[in-house]
Amino acid sequence: MIHRHPGADLEKTTLLGAVLAGVTLLRPLFAFKENRVALGEPVMLPEAGGAWVTGAVAGLVLAAALLSFAPQVNRVRWAKISIGMLLFVTLVITLGRSGSQTVAGMEFARITPSTGFWVGVLASFVLVQGSLHSAPVSNLVRSVVGLAPFLVVLILLAGGMLDSLAPVQEYYTREARFVSELGAHLWLSGAAVLAASVTGVPLGILAYRRRMAERPVFAVVNGIQTIPSLALFGLMIAPLAYLSREFPVLRSLGIRGIGNAPALIALTLYALLPVVRNAYTSLAVIRGSVIEAGKGVGMSRAQMLRFVEVPIAVPIILSGVRVSTVQAIGNTAVAALIGAGGLGTFVFQGLGQGAPDLVVMGVIPIVLLSVFVDRSLAVVIRALTPRGLKGAPS
């Protein structure tokens, strides 16, 4: 009877990444447009990158496929991570270099990343994250590797290598407006999370300390999550418009049926649940035996708060703030529909004008902001977590 090494079994995630990477060779890398409204002409990877780039990508596909059958030891995981990163860098550089050559001398020409590019990016993500998830590395390393692709793109953007991309062209024609809407987006999401934190932490503590308050508090914050975001934004319009009309002082403070006021209230309500839940959990996880042990060694109430309760509670509460922040950054895009501005302005303008490049210009910064904030807060939470409580990765 032949015994197979369990680590040598087929690793399906890696094989999926290899298959997706192979699709990059079969689908257009980008579409060339003579102007914003022209139909795109597909350009395949061999045409865009030539034989060397095509051969390099084919080699990476073959290597990933072979590694899916290799024992899943640490060096194999890092080899797959390297393949995924190389695939991403190769595709982005090829896209920028070939795009610049294609549109050279044409004032309104641009390129749009096509199926082959996006599937290749997905393949890179599957290879990197699939291997990184099981690799025995610190959270700092995970964060650095996760942010590396965004750093590569930022460097290429700063160097002008991606200027031929249609979303970049849209940015250059709206640069001042983009900066303004980005500021509005950050202000709305940040203010909503701050308001939710200031309100949600006391509510979570109240729900834990007073059992009679637990059910109604969670009924309200859970119920808010069941309301579709667009509906909740819309529900704010009528009552705030009425209050603004009846009380001129509110109107002078900027509280109206549309604009920042209803958007901020709706975003705050949506951000409450993770904060309330984690504030409640931060107290619930403290065992009674721990409290009794603290009292047994002569700790005062202030010492218990400082040395036991706060070190346990703060990382858990911040985890809720982390979820709320990422959620708020995404939900703020909808605020553009009620006149609050933000990056969602470009998303809905693009949808209305049938301009997908404008939609992408609004969506990508939202994704980048979400990832950056999420990983940054993960590092902060990890640093504030007592050594004895550090377990699963953030």
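Residues checked against (1) acidic (Asp, Glu); (2) under 30 Å from residue 173 (Cα atoms); (3) in contact (Cβ under 8 Å) with a residue 12 or more places away in the chain; (4) in contact with a helix residue (DSSP H, G or I) (Cβ under 7 Å, 6 or more places away or on another chain):
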position: 35; (1), (2), (3), (4): no, yes, yes, no
position: 56; (1), (2), (3), (4): no, no, yes, yes
position: 66; (1), (2), (3), (4): no, no, no, no
position: 74; (1), (2), (3), (4): no, no, yes, no
position: 77; (1), (2), (3), (4): no, no, yes, yes
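List every residue pair whose Cβ atoms sit under 9 Å apart, with the two residues 6 or more apart in sequence or on different chains, where the first one lies in the stretch 241-253 and is part of a loop (DSSP other than H, G, I, E, B) and the second, anywhere, is not acidic (Asp, Glu).
247/255; 253/261
Could you tell me which numbered condition residue 60 fails, if it satisfies all but one of (1) free of Cβ contacts under 8 Å to residues at least 40 places away in the same chain; (2) assigned to a strand (DSSP E or B)?
That leaves (2) as the condition not met.
When residue 163 is evaluated against the numbered criteria (1) more than 24 Å from residue 58 (Cβ to Cβ); (2) touching a Lys or Arg at 6+ places or on another chain (Cβ under 8 Å); (3) outside any helix (DSSP H, G or I), which criterion, by number, is the only one it fails?
Condition (2) is where residue 163 drops out.
So that you can scan it fast, the table gives a plain yes or no per residue for (1) buried (at least 17 other Cβ atoms within 10 Å of the Cβ); (2) within 16 Å of the chain's Cα centre (by Cα); (3) outside the structural domain of residue 233 (by TED's automatic domain parsing):
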{"site": "333", "(1), (2), (3)": "yes, yes, no"}
{"site": "345", "(1), (2), (3)": "yes, no, no"}
{"site": "352", "(1), (2), (3)": "no, no, no"}
{"site": "355", "(1), (2), (3)": "yes, no, no"}
{"site": "361", "(1), (2), (3)": "yes, yes, no"}
{"site": "373", "(1), (2), (3)": "yes, yes, no"}
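Taking the stretch 180-205 as the search range and keeping residues that are surrounded by 16 or more Cβ atoms within 10 Å (Cβ to Cβ) and farther than 23 Å from residue 370 by Cβ, which one is farthest from the chain's Cα centre (by Cα)?
205
On the basis of being assigned by TED's automatic domain parsing to the domain that holds residue 186 and either within 19 Å of residue 187 (Cα to Cα) or free of Cβ contacts under 8 Å to residues at least 60 places away in the same chain (or both), does residue 318 make the cut? Please lay out each step first, then the result.
Values: assigned by TED's automatic domain parsing to the domain that holds residue 186: yes; either within 19 Å of residue 187 (Cα to Cα) or free of Cβ contacts under 8 Å to residues at least 60 places away in the same chain (or both): no.
No, not satisfied.
Select from the stretch 63-92 the residues that are closer than 22 Å to residue 150 by Cα, among the polar types (S, T, N, Q) and crowded, with 17+ Cβ neighbours inside 10 Å and list them in ascending order. Before the answer, list the steps.
Pass one, the stretch 63-92, residues closer than 22 Å to residue 150 by Cα: 77-92.
From what's left, among the polar types (S, T, N, Q): 82, 90.
Hit for the stretch 63-92 is 90, nothing else.
With 312, 329 as the choices, which residue is modelled with pLDDT of 90 or more and part of a helix (DSSP H, G or I)? Reasoning before the result, please.
Values: 312 fails: modelled with pLDDT of 90 or more.
Answer to the check: 329.
Please determine whether any residue of the stretch 125-143 is in a helix (DSSP H, G or I), among the β-branched types (Val, Ile, Thr) and modelled with pLDDT of 85 or more.
yes
Please determine whether any residue of the stretch 298-305 is in the same structural domain as residue 190 (by TED's automatic domain parsing), within 30 Å of residue 334 (Cβ to Cβ) and among the polar types (S, T, N, Q).
Let us first name the residues in the stretch 298-305 that are in the same structural domain as residue 190 (by TED's automatic domain parsing), namely 298-305.
Adding the requirement that they be within 30 Å of residue 334 (Cβ to Cβ) leaves none.
Within the stretch 298-305, none of the residues are in the same structural domain as residue 190 (by TED's automatic domain parsing), within 30 Å of residue 334 (Cβ to Cβ) and among the polar types (S, T, N, Q).
Among the candidates 95, 60, which residue alone is within 23 Å of residue 165 (Cα to Cα), buried (at least 22 other Cβ atoms within 10 Å of the Cβ) and assigned by TED's automatic domain parsing to the domain that holds residue 17?
95
The values are calculated or read from the model by the stated rules, or taken from the named source; none is laboratory data. This is a predicted model, so every value here is computed, not measured. Heads up, the Cβs are rebuilt from the backbone with ideal geometry, glycines too, and the neighbour counts pull from every protein chain shown.
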